[in-house]
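Worksheet: one structure, shown below.
The values are calculated or read from the model by the stated rules, or taken from the named source; none is laboratory data. Computed from a predicted model, the values in this text were never measured in an experiment. Note that each Cβ is placed from the backbone with ideal geometry, even for glycine, and that neighbours are counted across all protein chains shown. Surface areas here come from the heavy atoms of the whole protein model, side chains and all, with no ligands, DNA or RNA. Shrake-Rupley method; radii C 1.70, N 1.55, O 1.52, S 1.80 Å.
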Amino acid sequence: MERLKSAVPAELRRAVGEGTAADLPSTTSRLLAFLEALPLFRQVIGELTDPELALCRKDKGRAAELKGKGNACFSKREFEQALGFYSQALRYFPISPDGTDASLIATLYVNRASTMHKLGLLEECLRDCDRAISVSPNYAKAWYRRGMVNASFRNYSSSIHDLEVALSMEVTSSGKSNIEQELKLILQKHQNVNEVGTSSSNCINADMPHTEQQPKVILECTSTPNKGRGMSSPNDISPASLIHAEDPLAVIIMKSCRDTHCHYCFSEAPADVVVCPSCTIPIYCSNRCQEKAIGQMSCNQNTHLESNNNVVDIAKLSVTSTKSKTPDSKQIAEHRHECGGACWAAVLPADIVLAGRIMAQYIEKQLLVGKRSTISGPNLDLVHHYDQDSSASKFESHIYATVLFLCLQSYYKSGVSWAEDSLSQLVLLICQIKVNSIAIVHMKSMDGGKALTKGFSGFSGDVMCSVEQVRVAQAIYMSGSFFNHSCRPNIHAYFHSRTLILRSTEYIKAGSPIELSYGPQVGEMDLPERQKSLRENYYFSCGCSSCSVLSLSDLVMNSFCCPQSNCLGAVSELIHHRHKENFVHVSIGESHVCTLSLPDVSKFDEDIVKVGKLFFKSDTMFNIDPGFCMSCRSQLDLSSAVAMSDRATSKINRLKELPSLDNVPEVLIAEALQSLERIEKLRHPYSKTLAQSHDTIAEAFAKVGDQEQARKHCEASIKILEKLYHPRHIIIAHELIKLVSIELSMGDGASAAAAFARADAIFSLYYGPDVERILPYVDVLRRTVSERSIDSC
C-alpha cells in the first residue's frame, strides 16, 4: 500500500488532505480515475481478488505436506506438534463439491483425533470422530477411534456399538483381530462399571441465552450543548443493574487473534478447530459457529437469493430496549463475500475489513428483498468527524476506500449497480468506524488463574493469580455508540461472546447522564494523557467531572515527593496556575491542557489538601511551576529526579523481561529492592510508578516462594491504587485476587477469605450474575477459599 500511496501526485494528495466532507464526491472520483489508469493499482487489485494469486487459497499439495509432517511427529510421539500439523492440513485441504476427497478429509480428522486421544483431549477427540463419520460414514478407523474414546469416557454401550460397526467395516484380518480384542475387554468392563454420559458440544459462547431476567430499564437518547447526543433514563437506576445488551451490527476479529480464537464467538480456539471450506483465513470453535459465519452455502458461491421478507433499515435501531439486535442479522453470512479465493480480507487492516462487512451486509439486505436499485451505502446515524481528521488520515481513508470498493465490485460483479456517491459513502463509513467502533475485550486468566482451574487440591505456592485483557475483535454497536464517555464512568462495559453488556456500577439518579469509558480513565492515565488520547482518537476534549474538577489522582499519579520529609505535597512536571475565582489552569510548557475548578474539600479525602495545600490556602492568583511542591513550594531538581526514577524503574522491570520467573536470580531481586528504595525516596507515595514497582516485585517473590514478602508488596500496591482509582474499582478487585492467591499459598485461609469477599463484592457490582461466566476462575477460587477457610478454623 505504501508504494500505491507514493505513486499519487502531490497535488492530488494535497486536494484530498485539504478537502472537507462536502468535497468527497470530487476527491474520490479524481483519485479513482487516477488509480484505475495506474498499472501498479491494477496489479494490487489483481493480487487481492484473483483466486489464483491469493495467499489464503486452498492447496491440496500443501495439505498433503502438512499431513506428512504430522504423521512423522506422531510416529516420534511428538503429539502436540502433530496436532498443529494436522490442524493446518485441514485448513489447507480443498473440499470438492462432489465429495470425491471425503476419505482424505476423514483421514485427517481421524489422525487429529488419535493425536488428541494421546494428549487426553477426549471431548475434542470425540468431536473429530463425529466429523470423520459425517464426511465418510464407511470409514472403519473413525468408528474404531470413536469407540475407544467412548470407552475412555466409560460410555460403554456407545463404545460397543461403535466397535461393532468398525468390525463390520474392517477388511484386513489384523484390523479385525485388533478390534475383537478391544471389544472383548470393553464388554468385560461394561458388566462391572456404571456408564457415564458425555457431550460433544464445545461451542459454549455463541448465542448462549442471558441467564438474568431482563429488567425494565428505559433509556432515552438526549442531547446536551457540550456533549451532543447521549443516554439517560427517566428512572433511578440501582448499582449492578443491567442497562443494555446488544449484538453488533458488524464485527471482525483482530489479526493478532486469528490463530488463537474462534472467528465468530471469539472464545479461545479448542484443539479441534473447524475451518472455512473455501479459504484458509478463519478458524471456528464449532460447526455451529462456522455455519453462522459462512452460511449454509459454500463460501465461494456468488449467488444471491431473493426473498419477500421485509428488511428494516440498518440505521434505524431502537435505543430504548435492553436487548438490541441488528434486524434480520441472522440472514447475512458475514464471511462469505471475503472468501472464494480472494485474499483482501487477510491483507487489509481490520477496520477496513469491518467496513467491507457493513457494506456487504447492506448490499445483501437490498438483494434479499429484491431491491436491485443502484447501491449507494448504508445510512448509519453515526458521527464521522471527517473534517477534523488529519490530511494523512484523509488520504489513507481514500486509498483504502478505493481498494475496498474495487474488491467488493469484484465479488458482486454485475449483480450490483453502484451509485456515483458509493465511494464517498465508503470513505465516511471508514471514518465512522474509526470514531465509533468498540474493541471487544475478553478476560484471560494468567499464571495462578490457570493453575486454579486445574483444581484447588493442586494449588501450589509459587503462583500469583492474575488476569489480563485481550482485545479479540472490533465491532460497531449502533445503540451502544449513543453512550457518551466519562473518565469516571457510572457503567461498565463487558462482553459475552460478541454481545455488548452494560451494567451500572453506582446509583444513577433519574435524568443523569449514563456514561461509559472509551478507554481513558482516572487512575489509568493522568489528565494530560486522557485529554490527548481522546482528542487524537475521538476528536473531543473531555469535560466530565474528573476532567473539570481538581482530583487527588491527577495531582499525584506521575508526581514526585516533596524534598521536605514531613510534607505530603506533590511535585509535578506540569504548570498549575491558580486563578482567583477558584479555578486552576493546567499546562504543559506553553500548551494549555484544561481548566479545573477546586473541589469542595468537605466532600473529598483530606489527602488532596495535604498534597496541594497551596490551592486551598488563599484566593490569590499564583503559579506553581514544574519542580515546585504544591503544598510548601520547596524546589526539587526535577530533571535529576526523573532520570534517577527512570533508571530505578528500568532495573525493576528487568524482572518482567525474564523468559520465566520460575527461577529468578537472587541478585536481580536484590537490585530490584534497592531500586524500589530509590523510587520511594523520589516518587510521591501515591504515584503509579511506585504501585507498579511493588506489584512487579510481589510477583517475583511469589515465584520464588517468599510469600510473606509477596504479600507485603502486593498490599502496598493495592493501597496506592485505591488512592488513584477508588476502593470499589474493578482494577482493585483484580489486584485483590492476586493477594488472595498469595494468602492461600501461605495457608492463611481467613485472610484469603476476607480479601476474596472484598473482590467478590466488586465483581458482583461490575458483572452482576455474569461473574463466573466472564471470569470462570472466580468460582474455582471461591470454592478454594471456602475449603481453606474451613480448614483454618
Inset, instruction - Under a cut-off of 14 Å between alpha-carbon atoms, report the aspartates and glutamates in cross-link reach of Lys176, not counting same-chain residues fewer than 8 places apart. - result: Asp162, Glu164
Inset, instruction - Treating only the Cβ atoms of Lys and Arg (+1) and Asp and Glu (-1) as charged, compute the dipole magnitude of the chain about its Cα centre; round to the nearest 20 debye. - result: 660
Legend entry - Residues of segment 550-635: accessible area per residue with a 1.4 Å probe, Å²: 49
Legend entry - Relative contact order (%) - the chain, alpha-carbon pairs under 8 angstrom, separation at least six: 11
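Please report the carbon-and-sulfur percent of the accessible area for the chain; probe 1.4 Å, protein heavy atoms only, DNA, RNA and ligands left out.
Carbon and sulfur together cover 49 percent of it.
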Legend entry - Unsatisfied cross-links (Cα-Cα over 27 Å) in the set Lys60/Lys434; Lys292/Lys413; Lys118/Lys184; Lys255/Lys738: Lys60/Lys434; Lys255/Lys738
Inset, instruction - Express in Å², to the nearest 10, the accessible area of Asp695 obtained by rolling a 1.4 Å probe over the protein heavy atoms while all chains stay in place. - result: 30
Inset, instruction - With 19 Å as the limit, write out which pairs from Lys688/Lys719; Lys532/Lys651; Lys444/Lys688 have Cα-Cα distances beyond it, or answer none. - result: Lys532/Lys651; Lys444/Lys688
Inset, instruction - Could you order Asp50, Asp247 by accessible surface area, starting with the largest, using a probe radius of 1.4 Å? - result: Asp50, Asp247
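Over segment 16-121, with the other protein chains present, what is the accessible area per residue in square angstrom, probe 1.4 angstrom?
50
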Inset, instruction - From largest accessible area down, sort Ile438, Ile491; use a 1.4 Å probe on the protein chains. - result: Ile438, Ile491
Legend entry - Partners for Lys67 among aspartates and glutamates (Cα-Cα distance below 13 Å; same-chain residues under 8 apart left out): Asp59
Legend entry - Loop-located trypsin sites (Lys or Arg not before Pro) in segment 77-182, at most 12 other Cβ atoms within 10 Å (DSSP): Arg77
Inset, instruction - Could you pull out every one of the aspartates and glutamates with an alpha carbon less than 17 Å from that of Lys712, ignoring same-chain neighbours closer than 8 positions? - result: Asp462, Glu677, Glu680, Asp695, Glu699, Glu722, Glu735, Glu743, Asp748
Inset, instruction - Determine how large the accessible area of Ile294 is when every protein chain is in place; take a 1.4 Å probe and give Å² rounded to the nearest 10. - result: 10
Legend entry - Projected label distance in nm at Lys444 and Lys76, using a 7 Å step from Cα toward the beta-carbon: 2.8
Legend entry - Largest-first ordering by accessible area, 1.4 Å probe, given options His576, His161: His161, His576
Inset, instruction - Obtain the nm distance between the two label points defined at Asn623 and Ser223 by a simple spin-label model: each point lies 7 Å from its Cα along the Cα-to-C-beta direction. - result: 4.2
Legend entry - Area of Tyr538 that stays accessible when all protein chains are in place (1.4 Å probe, Å², to 10): 40
Legend entry - Positive-end residue of Met231, Ser597, Ser278, charge dipole of the chain with Cβ unit charges: Ser278
Inset, instruction - Would you work out which of Tyr264, Asn178, Pro520 lies farthest towards the positive end of the dipole of the chain, given +1 charges on the beta-carbon of Lys and Arg and -1 on that of Asp and Glu, about the Cα centre? - result: Asn178
Legend entry - 5 Å binning of all Cα-Cα separations within segment 550-635, expressed as whole percents from 0 upward: 3, 16, 28, 29, 18, 5, 1
Legend entry - For segment 375-384, 3J(HN,Hα) per residue [Karplus equation, 6.51 cos²θ - 1.76 cosθ + 1.60, θ = phi - 60°, Hz, x = Gly/Pro]: 8, 9, x, x, 8, 6, 7, 10, 6, 10
Inset, instruction - Only Lys, Arg, Asp and Glu count, each charged at its Cβ (+1, +1, -1, -1), so figure out the dipole size of segment 351-437 about its Cα centre, rounded to 20 debye. - result: 380
Inset, instruction - Would you mind giving the three semi-axes, in whole Å and largest first, of the ellipsoid equivalent to the chain according to its Cα gyration tensor? - result: 49, 39, 25
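About its Cα centre, how strong a charge dipole does segment 550-635 have in debye, to the nearest 20, once Lys and Arg get +1 and Asp and Glu get -1 at the Cβ?
Numbers: 7 positive and 10 negative charges, 49 e Å.
Roughly 240 debye, rounded to the nearest 20.
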Inset, instruction - Using the Karplus curve 6.51 cos²θ - 1.76 cosθ + 1.60 with θ = phi - 60°, work out ³J(HN,Hα) for each residue of segment 537-544 in order, rounded to whole Hz, and write x for Gly and Pro. - result: 9, 10, 6, 8, 9, 6, x, 5
Inset, instruction - Can you tell me the 0 to 90 degree angle between the C-alpha axis of helix 140-152 and the longest principal axis of the chain, rounded to 10? - result: 50
